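Participant: I am attaching a structure below and will ask some questions about it afterwards.
FYI, it's all coordinate maths here, none of it is from the lab. Everything quoted here is computed from the prediction, not taken from an experiment. Cβ placement follows ideal geometry from the backbone for every residue including glycine, while neighbour counts extend to all protein chains displayed.
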Amino acid sequence: MDQSKITVRYAKAFFSLAKEKNKLDALKKDIELISGLCKDSAEFRLLLESPVVKTSQKIKLIKAIFAKSIDALTLNFLELITTNKRESHIAGICRNFLGLYRQEQGVKSALLTTAVELDPAIIAKIKSKLETELQVQIELSKQVDENLIGGFVLRIEDQQLDASIASQLRRVKEKLLQSEIK
């Protein structure tokens, strides 16, 4: 999670406001939408980070993009961030807000990285097994990295289990190199 003071403060403030107004779930969906756009749209990121585009123009564009799809409270929050010239931190603020939401709900985020795309049924079984073992709700993301060769890497919050073939080969190589030195 992005831990800069700016992103943490804005995320905490908006999270507190969302709780106070009893709109936490609705505003979480807004934040997910904004976060997705920050992740998927290079044009949107360029708009936010551009020093050439005036603040007033950025606010107009943000309103045009989101006016019909997010709550007025979220729209006002985006306007505040932009007015304060913190728009380049929107993605980090979103990540922190979602982290606070998961923490509040007792949900842990996990990332499963595999060498090949897994069948959805297998992913569902893995998620179910994790939830049973850890006794928490898991928000599982998946990623494919062919460099793993085989196996998987499972990252839950700040813990990582590396059961990849690439990692095992690396360990064998290190042992062989150490035994040659002795």
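Participant: Run the simple label-point estimate for K5 and V116 please: 7 Å along Cα→C-beta, distance reported in nm.
Facilitator: Label at K5, label at V116, 5.1 nm between them.
Participant: Relative contact order for segment 13-166 using alpha-carbon pairs under 8 Å, separation at least 6, rounded to a whole percent?
Facilitator: Working: 166 pairs, mean separation 31.6, N = 154.
Reported as a whole number, the value is 21 percent.
Participant: Rounded to the nearest 20 Debye, what is the dipole magnitude of segment 107-180 about its Cα centre when Lys and Arg each give +1 and Asp and Glu each give -1 at the C-beta?
Facilitator: The calculation lands at about 160 debye.
Participant: Nearest 500 deg cm²/dmol is fine: what mean residue ellipticity at 222 nm does the chain get from its DSSP H runs of n ≥ 4 alone, each adding -39,500 (n - 2.57), divided by its residue count? Walk me through the intermediate numbers first.
Facilitator: On the way: 8 runs with 113 residues, N = 182.
When only DSSP H runs of four or more count, the value is -20000 deg cm²/dmol.
Participant: Something else about it: With only Lys, Arg, Asp and Glu charged, each at its Cβ (+1 for the first two, -1 for the last two), find how big the charge dipole of segment 5-103 is about the Cα centre; round to the nearest 20 debye.
Facilitator: Roughly 240 debye, rounded to the nearest 20.
Participant: Then there is this: Just tell me, in residue order, which DSSP H segments of the chain are both 18 angstrom or longer along the helix axis (alpha-carbon based) and at least -1.0 in mean Kyte-Doolittle hydropathy.
Facilitator: Helices meeting the span and hydropathy rule in the chain are 5-20, 24-40, 90-105, 120-134, 165-181.
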